[in-house]
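Working notes for the structure below.
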């Protein structure tokens, strides 16, 4: 990527500040904004190049070699290493730390991870404002974020519509911004949008997510579930991220089954209390309830927690294999209980 040269009278080399950053946590949107701000400032100073690596796929030796031998024809080169939690070997950590310590004024290294910390030695190699953990928003913060988004665009949405968005979209501002931007193209402008509007258009235009994967599980369609899973992983969705979304869905299913046992599965007020406002979310739980009883849901939650640990420990190389096994076990859980 090339950008316009720096302002006359000021050499780009003098303007560009190098350094290393560690951005952690599951709040993808704020991490993306932080990276974007670094790029913006670097681009203002001169020509800019960017290289992205995925730890676990590219050997650290090659990453280090690229950093230490960057293209000198650009004023600044940004190196982004995603899935940095996969870097665990002592020799790899030592090599990357040496790169962090030796970054010059024209080199920026950014380590990204959805985890809250990296391996010992690497995690503390960057401190202060250059190491930031971006946590998920609290429930009330998410609601206000969605309302504020629509207010800024001069549109109105009722509380049920907001709840429907939060049920059907992943818990990060990047996904929320993307889906809300799409909804602006379809939602009515002459009245407040409601849950039915949201469900109709998100279902119509959305990409695959952990929630569409749960829909396949609820339907009992193994082949479509595996296909959806592979689409997610091919799009660089992390296994822990997918599992977090499924855990949320199974917890909602557990609450739905508890209502059903009390004969209140059709009570709209009770359904809203457990976070099931949209017809789509209710339909998924109703379909899943025909296949999974409470012990089966508990087994699925236990499997989800188990494979969250396994995928985090194994790294990206074994993600798909482990997740395929996980999906098979989720489908078998219904017949065992």
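Readers should treat all values here as calculations from the given coordinates under stated rules, not as data from a laboratory. Since the structure is predicted, the reported quantities are computational estimates derived from the model, not experimental observations. So basically every Cβ, Gly included, is an ideal-geometry build from the backbone, and we count neighbours across all protein chains shown.
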Have a look at 218, 266, 193 and tell me which one the Gaussian network model of the chain (Cα, springs below 10 Å) gives the largest fluctuation. 266
Alpha carbon centroid spacing (whole Å) that separates the stretch 99-152 from the stretch 270-326: 27 Å
With 10 Å bins from zero, work out the P(r) of the chain over every alpha carbon pair and list the percent per bin. 5, 22, 27, 23, 15, 6, 1, 0
Give the distance, in whole Å, between the Cα centre of the stretch 35-55 and the Cα centre of the stretch 20-34. 14 Å
Give me the number: length gained by fully extending residue 58 to residue 132, i.e. 0.36 nm times residue separation minus the C-alpha to C-alpha distance, one decimal in nm. 24.2 nm
For the residue 105, residue 178 Cβ pair and Förster radius 25 Å, calculated FRET efficiency rounded to 0.05 is 0.10
Residues in the stretch 299-337 that a label on residue 261 would reach, taking backbone N under 17 Å of a point 7 Å out along Cα→Cβ: 299-302, 337
Counting other C-beta atoms within 10 Å, which of 278, 86 has the fewest, and how do the rest follow? 86, 278
Exposure proxy order (Cβ contacts within 10 Å, fewest to most) of 214, 138: 138, 214
In units of 2.2 N^0.38 Å, the Cα radius of gyration of the stretch 12-133 is 0.98
Ascending count of other beta-carbon atoms within 10 Å, so fewest first, for 301, 122: 301, 122
